[in-house]
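This structure is in structure tokens; I'll ask about it shortly.
The values are calculated or read from the model by the stated rules, or taken from the named source; none is laboratory data. It should be emphasised that the depicted structure is a prediction, and the values quoted were computed from it without experimental measurement. FYI the Cβ positions are ideal-geometry reconstructions off the backbone, even for glycines, and counts take in every protein chain you see. Heads up: the accessible areas ignore ligands, DNA and RNA and are worked out on the full protein's heavy atoms, side chains in. Shrake-Rupley method; radii C 1.70, N 1.55, O 1.52, S 1.80 Å.
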Amino acid sequence: MAKFERRAEWIWRRRGLGEIPFGTATPRLAEEINRYVYFRHSFDLPGEIAEAAVYTSADGRYQLFVNGQRVGRGPARCSPAWQYLDRYDLTPYLRPGRNVIAALAHSYGRHTAWYELPAWEHLRAFGCGGFFLQGDVILAGEASAAAPIRLDTNETWRYLESAAWQRDVPAGSLGFLEVYDARLAPDGWIGLDFDDTAWDTAETLRVPGRNYAGDVVPFPVMIPSDIPPLTETPRLAEAIVRVAEVENAPPTPDIATLFAQETLSDLANCRVEQADQLLRDDGLTTITTTAGHSVSLVLDFGETQPGRVAFDLEGPAGAIIDFTYSERLHADSRVHMHRGIPGFDVLAAHRLILREGQQTWEAFELSGFRYLQVTVRQCERPLHIHAIRFNFSAYPVEPRGEFACSDDLLNRIWQVGAKTLHYCMLDGYVDCPSREQRQWLDAYVDSLINYAAFGDPHLAAKLLRQVAQSQQPDGLTMMVAPGDFAVMRFTNIPDFCLYWILAIDAFLDYVGDLTLVDELYPAVVKAIGWFERHLNTEHLLTDVPHWVFVDWAEIDKRGQVTALNAQFVAGLRVAARLARLVEAPRDVARFERLAQAVSTAINELLWDEDRGVYIDARQAGSRSQRISQQTNAAVMAYAVAPIERWGRIFATILDEGRLVLTRFGAAQAESVVFDEGTQVVLAQPFTMHFLHRALCQAGHHQVMLDNIRQRWGALVEAGDRTLRESWQIIELTSLCHAWAGTPTFDISTEILGVRPLAPGFARFRVAPHPADLTWARGVFPSPHGDIAVAWRLENDHFTLTLTVPPRTAAEVVLPEASGGRWDEIKVNDQATFESTPLILTEAGTYHIAAQRSEI
């Protein structure tokens, strides 16, 4: 990739920058903590516009406006070593004559779940904060011969430090709480008619390098974004949970404390007129409070989803709008504020202070929630609410994947799984939109769900590259990338590095981009080397450092962890496949030899012949007595366990009478006590993905469907519209968690029956498994076009209609005929086969019919 040709300057507020001394001090960082800065640039265009492309970025986050209209916001999450630029076409926003570009940029001064502070000379010279725009306007018609008009950021741009956002507020994974005083904001600053002559001119971020070296500038490597901007769609609450008043608690700057202390009671002192209008976009709800009481509204937006709170109000100056949100409610209808990860998060409670008159305001940061509680204070003069909106924002995907069948419960589960994933697709695959929005590397499962539901290749490619960028000198990739957990280095999850390797394999299958394999292969080799150094003389990963995760469950993960070793075998096999593609035969031999050695050791040392299962772990030669679905699913799903052992394994781990649900997140002293010798740890939603792979590899598709109905069906039947992180709910649990959507992938892959056989679906298999269904139809996206499948099983007949996209070939395997065989198979009404697979090499639609006869 060629380096972006930088022409514009990064700019920020004036601080009197100069040459930096040799040392490690970062004196400018603290002064930029939680700072918002406005920028404006006015210019004239002497004619019609033919083209106006710009590239924009910020050290932090920005919003970009042209002539009063918001154009976009960004940048997408990235490592500062590979700073993202967003490309915009400004042509629709510009006009002949006077124009203005305006931007709001926010510097954080700390790492967040999706932002990393800059490093090296950048950090020492500038701290953090900065805005960048580079682009030209090319005129149309007679003016087209004129030189392009440059819009680049430089010292002619004007800026104003914002006083509207209070800076000394708590911060957590998702940035800073927002306390915004509209009285202190420049009204109309994004508009063309605003007078900015009193604003100062910006300072360019450039200082001399050391000892005659080149100048120090921010972000030496800048990369045009490889994903589209997020969608934004206003949504309204679906229901009003409560209209109440509260007796004002003693004043405190801690807004969360007010929400915690103030109890809801029926209206007695305050007035709320036409509360039902809160569910309308053009409504009018009027609220009047008293000196001692405030009004609290609790709204239900129907499901946990990502976006931003927005208000359209008319009220008195100094009126206060406090708001908080969460996925759950207390028994008294107050919002149950999510505490997040202890030590990293704060309770989300924000404040808007009104200026006089009509105004709209939207939160700067994206959040995720279902319930919103709004407390209106200091409105002894009436406050008029025209709308309380939720500006839904997520990655733009098309619902290319489809599934429907004879069991409507499975149809609903498929849809809820796809929606759950969509709500976790932002500028990265995030684990959840609510708690933390980090891009964890369990996103291997997320990417598979995407391939079945949406077929998007771009977000997955970004994920894979960004994990490689997080790789440490010793070869281990970080459990989160990019973001705070990628650079704090306080712990790491080794198994997530292996999931990254498996995700490359999946990308190759479902997308087929071989250039990404070439790009990432060296990092894969380095990662394998990290694990190889932890093999003991028995050829097992032993005492692997950091946080071995496996699942949110109390399985034994000490010493030689069976699931991790099995996953390493899978990673080695993928590495061998990639080595073949890049023509590295010595690596192929090495990886295959290692995979065989580790697999043999697992089967010899971690198998319990007496109980017919694999143990969770072995430490110092002593076998753990604990057994789990997680461990045994792994050795089967990764094809480590000999097939002749599978029957005994399933007999044990599928015995409902032996399954126990352990409590993830509990302290060791609070661990669930159960019979180590007989009971089996139940897989959580994440590792159910691998149990389903094992079941289907063994031909137990009916068991998989029954498991989906039992566990996910119970959630959907209870009214859940997104899928949660774990079967049980504790304080930490997120109720919209991408990995829980595995049934969407499972059903499309195993029941509809579509899977790739060659990179990018150049060859693919259609092998339906009806189980107890009588019909199914759906679409599986591919890079060459949608693969449409519809099958029906009636009495002695099986029919299948299949669309084969151009530049692909299909292998069709019909389900076994119960109690007999397919006597005749017709393709497009021509009887040409008596058995399958059928090989279809021409693009088009095929109608396949099979007749069964008794033997």
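Which whole-number percent of Cα pairs in the stretch 601-757 have a distance greater than 21 Å?
Numbers: 6012 of 12246 pairs.
The answer is 49 percent, as a whole percent.
How far is helix 443-453 tilted off the main Cα axis of the chain, in degrees rounded to 10, range 0 to 90?
Its long axis makes an angle of about 80 degrees.
Another one. What is the helix-to-structure angle for 514-532, meaning the angle in degrees between its Cα long axis and the longest Cα principal axis of the chain, kept from 0 to 90 and rounded to the nearest 10?
Roughly 80 degrees, rounded to the nearest 10.
Report the relative contact order of the chain, percent, no decimals, based on alpha-carbon pairs under 8 angstrom and at least 6 residues apart. Walk me through the numbers before you get to the answer.
On the way: 2046 pairs, mean separation 84.9, N = 855.
Answer for the chain is 10 percent.
Ok, one more. Rank Thr156, Gly129, Ser144 by how far each Cα sits towards the positive end of the charge dipole of the stretch 106-174 (+1 on Lys, Arg Cβ; -1 on Asp, Glu Cβ) and give me just the farthest.
Value computed over the given set: Gly129.
May I ask for the equivalent-ellipsoid semi-axes of the chain, computed as the square root of five times each C-alpha gyration tensor eigenvalue and listed largest first in whole Å? If you can, show how the numbers build up before the last one.
Numbers: eigenvalues 468, 215, 177 Å².
Here the semi-axes work out to 48, 33, 30 Å.
Could I ask something else about it? Please find the FRET efficiency linking Arg381 to Glu19, where r is the Cβ-Cβ separation and R0 is fixed at 51 Å, and quote it to the nearest 0.05. Could you put the intermediate results ahead of the total?
Numbers: r = 56 Å, r/R0 = 1.09.
The computed FRET efficiency comes out at 0.35.
Charges at C-beta only: +1 for Lys and Arg, -1 for Asp and Glu. How large is the resulting dipole of the stretch 156-277 about its Cα centre, in Debye rounded to 20? Write down the numbers at each step before the final one.
Working: 8 positive and 21 negative charges, 103 e Å.
The calculation lands at about 500 debye.
Still on this structure: As a test of understanding, state the convex hull volume per residue of the stretch 137-187 from its alpha carbons, in Å³.
Values: hull volume 8.7 nm³, N = 51.
Looking at the stretch 137-187, the number lands at 172 Å³ per residue.
Let me ask something else about it. Which whole number of Å³ per residue matches the convex hull of the alpha-carbon atoms in the stretch 453-502?
Values: hull volume 4.4 nm³, N = 50.
Taking the convex hull of the Cα positions in the stretch 453-502, it is 88 Å³ per residue.
If you don't mind, there's one more thing I want to ask. Report the charge-dipole magnitude of the stretch 364-426 in Debye, nearest 20, computed about the Cα centre from +1 at each Lys and Arg Cβ and -1 at each Asp and Glu Cβ.
Values: 7 positive and 6 negative charges, 63 e Å.
Value, rounded to 20: 300 debye.
If you don't mind, there's one more thing I want to ask. Can you give the helix-only mean residue ellipticity at 222 nm for the chain, where every DSSP H stretch with n ≥ 4 adds -39500 (n - 2.57) and the sum goes over all residues, rounded to the nearest 500 deg cm²/dmol? Mind dumping the intermediate values first?
On the way: 15 runs with 186 residues, N = 855.
After summing the helix terms and dividing by the residues of the chain, the value is -7000 deg cm²/dmol.
Consider all pairwise Cα distances in the stretch 486-550 and report the whole-number % of them above 18 Å. Present the calculation step by step, with values, prior to reporting the outcome.
On the way: 993 of 2080 pairs.
Roughly 48 percent, once rounded to a whole number.
Still on this model: What number comes out for accessible area per residue over the stretch 1-113 if the probe is 1.4 Å? Units Å², please. Provide the component values of the computation, followed by the final result.
On the way: 4470 Å² over 113 residues.
Counting only protein heavy atoms, the per-residue value for the stretch 1-113 is 40 Å².
In sequence order, what are the phi-derived ³J(HN,Hα) couplings for the stretch 193-207 according to the Karplus relation 6.51 cos²θ - 1.76 cosθ + 1.60 with θ = phi - 60°, rounded to whole Hz, with x for glycine and proline?
Coupling constants for the stretch 193-207: 8, 5, 8, 10, 5, 7, 6, 7, 8, 6, 9, 7, 8, 7, 9 Hz.
Write down the accessible area per residue of the stretch 134-267 in Å², having rolled a 1.4 Å probe over the full set of protein chains.
On the way: 6900 Å² over 134 residues.
Per residue, the stretch 134-267 has 51 Å² of solvent-accessible surface.
Follow-up question, since we're still on this one. Which Cα, out of Thr542, Leu502, Val569, lies furthest along the positive dipole direction of the stretch 501-576 (beta carbon charges, K/R +1, D/E -1)?
Ranked along the dipole, the leading option is Thr542.
Over the Cα atoms of the stretch 230-279, what radius of gyration and what Dmax do you get, in Å?
Cα-based Rg and Dmax for the stretch 230-279 come out at 14.8, 44 Å.
Roughly how large, in nm² to one decimal, is the mean projection of the convex hull of the alpha-carbon atoms in the stretch 720-800?
Average of the hull's projected areas for the stretch 720-800 equals 7.4 nm².
From the phi angles alone, apply the Karplus equation (6.51, -1.76, 1.60; θ = phi - 60°) to the stretch 82-93 and give each ³J(HN,Hα) in whole Hz, x where the residue is Gly or Pro.
Coupling constants for the stretch 82-93: 9, 5, 7, 10, 9, 9, 10, 9, 8, 3, x, 9 Hz.
To the nearest 20 debye, what is the magnitude of the charge dipole of the chain about its Cα centre, counting +1 on the Cβ of each Lys and Arg and -1 on the Cβ of each Asp and Glu?
Numbers: 78 positive and 109 negative charges, 288 e Å.
Charge dipole, the chain, about its Cα centre: 1380 debye, nearest 20.
Run through every distinct alpha carbon pair of the stretch 66-186 and return the Kirkwood hydrodynamic radius in angstroms, one decimal place. Please report the intermediate quantities before stating the final value.
Numbers: mean 1/r = 0.0576 Å⁻¹.
Answer for the stretch 66-186: a Kirkwood hydrodynamic radius of 17.3 Å.
Order these peptides, 423-430, 306-313, by their mean beta-carbon neighbour count within 10 angstrom, highest first. Display every interim value, and only then the final one.
Details: 423-430: 27.1, 306-313: 21.2.
Ranking, from highest mean packing down: 423-430, 306-313.
Over the alpha-carbon set of the stretch 135-255, work out the extent along each principal axis and list the three values in angstrom, largest first.
66, 50, 38
Highest mean first, how do 211-220, 760-769 rank when packing is the count of other Cβ atoms within 10 Å averaged over residues? Please list the in-between numbers first.
Details: 211-220: 14.5, 760-769: 20.8.
By packing density, highest mean first, the sequence is 760-769, 211-220.
Which semi-axis lengths, in whole Å and largest first, follow from the square roots of five times the eigenvalues of the Cα gyration tensor of the stretch 76-136? Write down the numbers at each step before the final one.
Values: eigenvalues 168, 33, 24 Å².
Equivalent-ellipsoid dimensions as semi-axes: 29, 13, 11 Å.
Moving on to the next point. Which one, Trp199, Gln373, His769, is farthest towards the positive end of the dipole of the chain when Lys and Arg carry +1 and Asp and Glu -1 on their Cβ?
Trp199
Principal axes first, then extents: for the Cα atoms of the stretch 231-339, list largest minus smallest coordinate on each axis, whole Å, largest first.
41, 33, 25
Residues in the stretch 551-570, backbone N under 17 Å from the label point at Gln728 (7 Å along the Cα-to-beta-carbon vector): list them, ranges by number please.
Flagged as within label range: 551-556.
How large is the Rg to Rh ratio of the stretch 742-855 when both quantities use alpha carbon positions and Rh follows Kirkwood? List each step's numbers first, then the result.
Numbers: Rg = 13.5 Å, Rh = 14.2 Å.
Result: Rg/Rh = 0.96.
In the calculated pair distance distribution of the stretch 290-372, what percentage of Cα-Cα distances lie above 21 Å? Mind dumping the intermediate values first?
Numbers: 1223 of 3403 pairs.
When every Cα pair of the stretch 290-372 is considered, 36 percent fall beyond 21 Å.
Another question, if that's okay. How are the alpha carbon pair distances in the stretch 372-444 distributed across 5 Å bins from zero to the largest one, expressed in percent?
That works out to 3, 12, 15, 15, 13, 12, 10, 8, 6, 4, 2, 0, in percent per bin.
Okay, next question. Note down, for the stretch 436-591, the three equivalent ellipsoid semi-axes (square root of 5 times each alpha carbon gyration tensor eigenvalue), biggest first, whole angstrom.
Details: eigenvalues 103, 81, 42 Å².
Taking √(5λ) for each eigenvalue gives 23, 20, 15 Å, largest first.
Sticking with this structure for a sec: Going by amide H atoms built from the backbone, whose H comes under 5 Å of the H on His111, apart from near neighbours?
For His111, the qualifying residues are Leu117.
Counting only protein heavy atoms and using a 1.4 Å probe, what share of the accessible area of the chain belongs to carbon plus sulfur, as a whole percent?
C and S atoms contribute 50 percent here.
Amide H to amide H, which residues 5 or more places from Gly512 or on other chains are under 5 Å from it, using H placed in the peptide plane?
Gly760
Something else now. For the stretch 345-403, report the convex hull volume of the alpha-carbon atoms normalised per residue, in Å³, without decimals. If you can, show how the numbers build up before the last one.
Details: hull volume 10.3 nm³, N = 59.
Taking the convex hull of the Cα positions in the stretch 345-403, it is 175 Å³ per residue.
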